[in-house]
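Some notes on the structure that comes next.
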Amino acid sequence: MQAVLEFTKEQIDEVDGLIDRYGAHPSGLIPLLEKVQELLGYLPLSIQEYISEKTHISPNRIYGVVTFYSFFTMEARARHRVQLCLGTACYVKGADAMVEKIENDYQINFGESTEDGRFTFEKARCVGACGLAPVVIIDGEVFGKVTVDSLDGILEQFA
Amino acid sequence: MNTIKDIDLIRQKAQQDDADQTCIYVHMGTCGIASGAMSVLGAIKNKIKEDGAAKDVKVVTTGCAGICSQEPLITVKIPGAEPVIYKQMDEQKVLRVYESHVKGDSAVVEYALARGMEYQIKERKASAGHIPGEKVMTAEIPGIEELPFFALQELRVMRNRGLIDPAKIKDYIGRDGYQGAIKALTEMSSEEVINEAIGSGLRGRGGAGFPIGLKWKFAAAEKNDIKYILCNADEGDPGAFMDRNVMESDPHSIIEGLIIGAKAIGAHQGYIYCRAEYPLAIETLNKAINQARALDLLGENILGTGFSFDISVYEGAGAFVCGEETALMRSIEGKRGNPRPKPPFPAKAGLFEKPTVLNNVETLSNIPQIIVKGADWYKEIGTEKSPGTKIFSITGDIENVGCVEVPIGTTVDTIVNQIGIVSPDKNLKAVQLGGPSGGCIPKDYMHVAVDYETLQEYGAIMGSGGLIAMSDDKSGVDIAKFFIDFCQDEACGKCLPGREGTKQMLQILEKIDSGEGSPDDIETLKVLCGVIRKTALCALCKTAVNPVLSTLRYFPEEYQEAVKTKVEMGG
Ligand SMILES: Cc1cc2nc3c(=O)[nH]c(=O)nc-3n(C[C@H](O)[C@H](O)[C@H](O)COP(=O)(O)O)c2cc1C
Ligand code: SF4
Ligand code: FES
Ligand code: FES
């Protein structure tokens, strides 16, 4: 079996454990990919091929699933994942101003990472905390009632 | 093996437990936690430990209390006195409440939201705002029955809101939980369960409003050893969080609804398909399922009744289209969530090609009480064609943001102006219902009743329950563009009209919005709406045209205005 260069042996051992746990049943594929991404941070082609060989699920099908669901990413994310919610409630409460600010301050498109590897900016569609709109989610933590002015202070907490 | 007797014992004990103890309820939904409920909880727990008062004061973590804009909330209940709900707590405030109210017996008026708890509203109203035997804390704090936000609600699905710890099955059982499942499994035939559901008139709360009893009947009629019942917890409408609220606050009501549905159709395996964006809901559901298994309420031979049924939680991976029933089933099969044409309907060939029923979270949560209290009880509120209640998550330019449960047929005015209350610095323009497949009700139509048929007449839909108050900050074109952008992004791309049609609509709307559009563009937009509605494969893109049609209907002058500039400039 070919080596997966990007990852350590320990990581691959853990992936093997996940494959044993989820790989046997067809409906285990998405949970398996979710867990592997949780572990490795992203799902490059090399790891998709590795999973394919081990589970005998065709690489096309795995690639198809990875590209279909927005939860999956094939590129490594920066140290911190910053998601701006653009659901309806956040939109009404002025989330677009925040998008503009990020685009201006960082000269970056959504989906991309800053050059220093600190932030990946993404758009999110409602995390259900609409009561606190507009909402920003950093590494899974929800920050509510964010304003253009308070955003910098929040980002500063993440080095 | 646990039996029905064991469940009864747990129920009796749970009912006695809390009756004569001082309780501090900390309300901890996702919003509560995001507003700081964790540190409030930590502060109060530490203080109680320091005081060595753990035996006398019980801290109960419950799901959310429904009014997000006042989070973090706590409720203090001392035996013999009225409970008091406190709003916008932090570490300092909660300690002051502890010193003054819990230790000193006098409520902190500045922080108080209301006297009394939601389950007491009817009794408080009936007895002039004071329940006999309860000491009045201080009349300076409004009674909960005087606050329209609470008083105008009718809690059925959310009847346990703020009262039970979702992580403790005994709390649910203590509130007569699992009595519906026990009744269905021991006293009723599958036909009787279905008839009760049909008789109640309960319609699917996921959007389409199809009667649940009929859906069950079709699946029950299929002969097959393997059938599935699924719960749709994908909650894709961006701006809706009712289902999250139910999952986080009262997970067992969903499990119980699934058990009853399983009995009705003859299924032995169920799935709850929950979006990955809801980690707390997923964790809460998994805990609840494990506890139900431990008490033999799930698994082989439930409570010795001979009926077997189990549930797994399936985590979605971020695709709005997976809320659509056939796409959801493909996703559980581990495939791309592409919808497929119907027929065959899922009742015949659904998940893994087996007969399958899919019900929404809120729909299922209604079921246990319908079985316990009967179809006639259920029909006491709501309208003739749509009995019962509906939960709305109300957001936007209003003061009281939160989850509200009202009888179907309540007017938009009641929900927005009395329960929600438009922010004083804003002018209400319209209320958007039903998310990306819904439409607007403009401010001149506030008398409109929210029920399936009436809303449709006005070009909106009941939808899953997202209700957003929009002020005149946003134009009709803005609103249309926002939703088409969403649908265009989320369209799975499987069919041409869906894929290309939504893209073209977005381009035209952007053109109009930037002042580059012409009157012809408005006409093209209308034609496109018609074509997509007729030819798209699934409801995602078919209904994506609704927000556009709705804003064209109510705010035509705003579209005209946007293209006029261009005409004047000679374009
Ligand atoms: C694009 C699309 C998204 C949907 N999203 C949801 C959803 O998030 N939650 C839901 O309960 N129903 C959703 N539905 C409706 C479901 O397909 C289905 O009608 C519903 O879950 C059935 O349950 P009910 O009869 O209890 O309402 C969606 C439908 C479409 C077409
Ligand atoms: S209508 Fe839209 S979501 Fe549905 S199959 Fe076609 S492209 Fe996909
Ligand atoms: S719309 Fe942003 S959290 Fe719901
Ligand atoms: S506080 Fe519960 S939904 Fe917001």
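The values are calculated or read from the model by the stated rules, or taken from the named source; none is laboratory data. As the structure is a prediction and not an experimental result, all values here were calculated from the model. Cβ coordinates were reconstructed from backbone atoms using ideal geometry, including for glycine residues, and neighbour counts include every protein chain displayed.
Values as computed for the structure displayed
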item: Yes/no for B:V401 being β-branched (V, I, T) and at pLDDT below 95; result: yes
item: A:E34 being of a type outside the set (A, V, I, L, M), at the interface with chain B (Cβ under 10 Å from one of its Cβ atoms), out of contact with any helix residue (DSSP H, G or I) (no Cβ under 8 Å at 6 or more places or on another chain) and assigned to a helix (DSSP H, G or I); result: yes
item: Total residues in the range A:96-128, condition away from ligand 2 (no atom under 16 Å from the Cβ), in contact with a strand residue (DSSP E or B) (Cβ under 9 Å, 6 or more places away or on another chain), within 14 Å of chain B (Cβ to nearest Cβ) and touching a residue at least 40 places away in the same chain (Cβ under 8 Å); result: 5
item: The listed residue being in a helix (DSSP H, G or I), in contact with a Pro (Cβ under 6 Å, 6 or more places away or on another chain) and away from chain A (no Cβ under 14 Å), out of B:A197, B:A219; result: B:A219
item: Among the candidates B:G266, B:G299, residue that is on the phi > 0 side of the Ramachandran plot, touching a residue at least 40 places away in the same chain (Cβ under 8 Å) and over 24 Å from the mean Cα position of the chain (by Cα); result: B:G266
item: Residue match in the range B:330-344 (condition: within 12 Å of ligand 1 (Cβ to nearest atom), more than 14 Å from chain A (Cβ to nearest Cβ) and in contact (Cβ under 8 Å) with a residue 60 or more places away in the chain); result: no
item: Residues located in the range B:12-33, provided they are more than 19 Å from B:I78 (Cβ to Cβ), touching an Asp or Glu at 6+ places or on another chain (Cβ under 8 Å) and either free of Cβ contacts under 8 Å to residues at least 12 places away in the same chain or surrounded by fewer than 23 Cβ atoms within 10 Å (Cβ to Cβ) (or both); result: B:A14
item: Residue identified as surrounded by 15 or more Cβ atoms within 10 Å (Cβ to Cβ), in a loop (DSSP other than H, G, I, E, B) and either among the polar types (S, T, N, Q) or in the same structural domain as A:C85 (by the TED database) (or both) among A:V146, A:V142; result: A:V146
item: Output for the range A:60-86, where each listed residue is at the interface with chain B (Cβ under 8 Å from one of its Cβ atoms), in contact with a Leu (Cβ under 9 Å, 6 or more places away or on another chain) and assigned to a helix (DSSP H, G or I); result: A:R61, A:V65
item: Identity of the residue in the range B:362-378, near ligand 1 (Cβ under 10 Å from one of its atoms) and either farther than 21 Å from B:H268 by Cβ or of a type in the set (F, W, Y) (or both), that ends up farthest from the chain's Cα centre (by Cα); result: B:N366
item: Single residue of the range B:389-439 satisfying the filter (within 14 Å of ligand 4 (Cβ to nearest atom) and hydrophobic (A, V, I, L, M, F, W, C)) that is farthest from B:F483 (Cα to Cα); result: B:V404
item: Residue check for B:T30: more than 14 Å from chain A (Cβ to nearest Cβ) and among the hydroxyl-bearing types (S, T, Y); result: no
item: Residues of the range B:237-254 that turn out to be within 11 Å of chain A (Cβ to nearest Cβ) and in contact with a Leu (Cβ under 9 Å, 6 or more places away or on another chain), as a count; result: 6
item: Pair list, Cβ < 6 Å and 6+ apart or interchain, from the range B:365-379 residues that are over 25 Å from B:R244 (Cα atoms) to residues that are among the hydroxyl-bearing types (S, T, Y); result: B:A375/B:S200
item: Test: residue in the range B:46-54 that is small (G, A, S) and touching a helix residue (DSSP H, G or I) at 6+ places or on another chain (Cβ under 7 Å); result: yes
item: Exclusive hit being in contact with a helix residue (DSSP H, G or I) (Cβ under 8 Å, 6 or more places away or on another chain) and among the charged types (D, E, K, R), set B:K103, B:K135, B:K183; result: B:K183
item: Output for the range B:191-223, where each listed residue is touching a strand residue (DSSP E or B) at 6+ places or on another chain (Cβ under 6 Å) and farther than 22 Å from B:A233 by Cβ; result: B:G201
item: Some residue of the range B:199-207 being without any contact (Cβ under 8 Å) to a residue 12 or more places away in the chain, charged (D, E, K, R) and in the same structural domain as B:H268 (by the TED database); result: no
item: For B:D425: the one exception among (1) at pLDDT below 95; (2) away from chain A (no Cβ under 14 Å); result: (2)
item: Failed item, numbered, when B:E457 is tested on (1) away from ligand 4 (no atom under 16 Å from the Cβ); (2) touching a residue at least 12 places away in the same chain (Cβ under 8 Å); (3) closer than 21 Å to B:V406 by Cα; result: (2)
item: Within the range A:128-159, tally of residues that are within 16 Å of ligand 1 (Cβ to nearest atom) and under 13 Å from A:G94 (Cα atoms); result: 1
item: Selected residue (criterion: farthest from the chain's Cα centre (by Cα)) from residues of the range A:80-111 that are surrounded by 15 or more Cβ atoms within 10 Å (Cβ to Cβ) and more than 24 Å from B:K481 (Cα to Cα); result: A:Y106
item: Test: residue in the range B:92-102 that is at pLDDT below 95, crowded, with 21+ Cβ neighbours inside 10 Å and in contact with a Lys or Arg (Cβ under 7 Å, 6 or more places away or on another chain); result: no
item: Filtered residues of the range B:495-541 (kept if of a type outside the set (S, T, Y), within 14 Å of ligand 1 (Cβ to nearest atom) and surrounded by 18 or more Cβ atoms within 10 Å (Cβ to Cβ)); result: B:C495, B:G498, B:I532, B:A536, B:L537, B:C538, B:L540, B:C541
